[in-house]
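Have a look at the structure below, then the notes.
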Amino acid sequence: MTDSEPTPAEEEVTVDDLELEQYEHEIEADIASIAAQRDEYLALAQRLQAEFENYKKQTLRRNTEVVEQASAQLAEKLLPVLDAFDNAIIHGIDGIGPLYKVMLDVLQKEGLDVIDTDGVAFDPNLHEAVMHEEGDADQREPLVADTMRTGYTWKGKVLRPAMVKVKG
């Protein structure tokens with residue numbers, strides 16, 4: 001054997017080193033592929049989690065709106081009862097005032113408000129003018145002179161405008 005020729009042991013080491021290098025490259029490629037797949041699954045899981053959170057928020061918002069609408073409808077259905085109380089009080093029927101106050105207090109705690117009409121400026125969003133009388137010469141804006149029917153709002157939204165007589 002000459003010095004330039006590899007010995008069988010050296011030749012074996014070189015082939016094993018090449019196979020080992022090739023095997024390492026395959027393992028690195030597999031690891032990179034698995035890491036890419038992991039990242040893809042992670043992104044998918046995060047996207048699904050975000051979509052689910054949005055769905056929960058949207059469902060909660062819808063349920064809240066449905067409850068609010070049902071509450072407003074119930075309050076609106078009770079307005080004739082409040083009108084009957086108003087009429088009974090106007091006609092002087094005894095014992096009605098405390099019942100009216102209790103019912104109105106309960107509804108107000110839930111979100112019902114009486115639209116203010118005593119001497120306030122006429123607002124077509126809150127008041128329905130059914131009568132009109134001339135105002136004073138120095139009066140700049142129309143004012144509510146008399147209330148024919150009480151108006152109500154439910155959590156800031158008009159359930160029924162107040163029916164009023166306008167002066168000016």
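Observations on the model:
- Residue, farthest from ALA88 (Cα to Cα), within the stretch 137-149, restricted to residues that are surrounded by 11 or more Cβ atoms within 10 Å (Cβ to Cβ), without any contact (Cβ under 8 Å) to a residue 40 or more places away in the chain and touching a strand residue (DSSP E or B) at 6+ places or on another chain (Cβ under 6 Å): PRO142
- The conditions of being over 30 Å from GLY135 (Cα atoms), of a type outside the set (A, V, I, L, M) and in contact with a helix residue (DSSP H, G or I) (Cβ under 7 Å, 6 or more places away or on another chain) are met by GLU110.
Per-residue answers, yes or no, for (1) part of a helix (DSSP H, G or I); (2) at pLDDT 85 or above; (3) surrounded by fewer than 10 Cβ atoms within 10 Å (Cβ to Cβ):
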{"site": "GLU5", "(1), (2), (3)": "no, no, yes"}
{"site": "VAL13", "(1), (2), (3)": "yes, no, no"}
{"site": "ILE27", "(1), (2), (3)": "yes, yes, no"}
{"site": "ILE34", "(1), (2), (3)": "yes, yes, no"}
{"site": "ASP39", "(1), (2), (3)": "yes, yes, no"}
{"site": "LEU42", "(1), (2), (3)": "yes, yes, no"}
{"site": "GLN46", "(1), (2), (3)": "yes, yes, no"}
{"site": "ALA50", "(1), (2), (3)": "yes, yes, no"}
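- From GLY156, GLY151, residue being at positive phi and among the small types (Gly, Ala, Ser): GLY156
- Selection within the stretch 84-122 - charged (D, E, K, R) and under 15 Å from VAL164 (Cβ atoms): ASP86, ASP116, ASP118
- The stretch 115-136, residues that are under 27 Å from VAL67 (Cβ atoms) and exposed (fewer than 15 other Cβ atoms within 10 Å of the Cβ): ASN125
- Figure legend. Inter-residue proximity from the stretch 49-73: first residues closer than 25 Å to TYR152 by Cβ, second residues of a type outside the set (Gly, Ala, Ser), beta-carbon distance below 8 Å, spacing 6+ or different chains. Indicated pairs: GLU68/LYS155; SER71/GLU110; SER71/TRP154; ALA72/TRP154; ALA72/LYS155; ALA72/LYS157; ALA72/LEU159.
- In the stretch 99-122, the residues that are over 18 Å from ASN87 (Cα atoms) form Cβ pairs under 6 Å with partners that are hydroxyl-bearing (Ser, Thr, Tyr), at six or more places apart or across chains, as follows: LEU112/TYR152; ASP113/THR153.
- Condition met for PHE122 (at pLDDT 90 or above, more than 19 Å from ALA75 (Cα to Cα) and among the aromatic types (Phe, Trp, Tyr)): yes
The values are calculated or read from the model by the stated rules, or taken from the named source; none is laboratory data. This structure is a prediction, so every number in the text was calculated from the model and none was measured. Positions of Cβ are generated from backbone atoms using ideal geometry, with glycine treated the same way; all protein chains shown enter the neighbour counts.
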